[in-house]
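The values are calculated or read from the model by the stated rules, or taken from the named source; none is laboratory data. Note that this is a predicted model, so its numbers are computed, not measured. In this analysis, Cβ positions are derived from the backbone assuming ideal geometry, glycine residues included, and neighbour counts consider all displayed protein chains. These area figures cover heavy atoms from the full protein model, side chains too; ligands, DNA and RNA do not enter into them. Shrake-Rupley method; radii C 1.70, N 1.55, O 1.52, S 1.80 Å.
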Amino acid sequence: HILSAQHVDQEQERVLAAAYWRRYPDVRTDPFYGESGRLGVFGAREHFRQHGRYEGRIYAPLFVAANRAAEAALADTYWQRYPEVARSPIWGRDGSLGIDGPRDHFRYIGQREGYRWPGN
């Protein structure tokens, strides 16, 4: 069974939209761009195109580690190392991404700013 290009594109769109909405709850609940918005799964991309890119938001996949206990320990170490990240409403201890926040921050922001991932 070969997946059509359209099906693959739709699945990728769902993955990207889910990541964007998880990072940005304000967009997730928006009546136009949000999960239940008029644009459906394309709302996240359209928000990023019209607003998010200029606001410095990230439109990219979210890595979710399979080993949640190990990821929690890595996240805690990263938060201890970078208290400003720990306080973030997106990547922090109480942030929208939970324990997935530190790795997301590192992948898309911290790495280019010279932050170190635990164990590196």
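Before moving on, here are some points about what is shown:
- Within region 88-117, considering residues that are closer than 20 Å to Arg22 by Cα and open to solvent by 60 Å² or more (accessible area, probe 1.4 Å), the one nearest to the chain's Cα centre (by Cα): Arg107
- Among the conditions (1) of a type outside the set (Phe, Trp, Tyr); (2) at pLDDT 95 or above; (3) assigned to a loop (DSSP other than H, G, I, E, B); (4) loosely packed, with under 15 Cβ neighbours inside 10 Å, the only one that Asn120 does not satisfy is (2).
- Within region 34-87, the residues that satisfy the criterion of being more than 15 Å from Leu16 (Cβ to Cβ), assigned to a loop (DSSP other than H, G, I, E, B) and open to solvent by 20 Å² or more (accessible area, probe 1.4 Å) are Ser36, Arg38, Gly56, Ala66, Asn67, Tyr82, Arg87.
- Residue check for His51: farther than 24 Å from Gly119 by Cβ, touching an Asp or Glu at 6+ places or on another chain (Cβ under 9 Å) and not hydroxyl-bearing (Ser, Thr, Tyr): no
- Of the residues making up region 11-33, just one is over 12 Å from the mean Cα position of the chain (by Cα), under 20 Å from His105 (Cα atoms) and surrounded by fewer than 17 Cβ atoms within 10 Å (Cβ to Cβ), namely Asp26.
- Pairs, first of a type in the set (Ser, Thr, Tyr) in region 45-69, second open to solvent by 70 Å² or more (accessible area, probe 1.4 Å) and in a helix (DSSP H, G or I), C-beta under 8 Å, six or more apart: Tyr59/Arg45; Tyr59/Arg53
- First in region 94-120 and without any contact (Cβ under 8 Å) to a residue 60 or more places away in the chain and under 18 Å from Ala72 (Cα atoms), second anywhere and polar (S, T, N, Q) and assigned to a loop (DSSP other than H, G, I, E, B), Cβ under 7 Å, 6 or more apart: Gly95/Ser88
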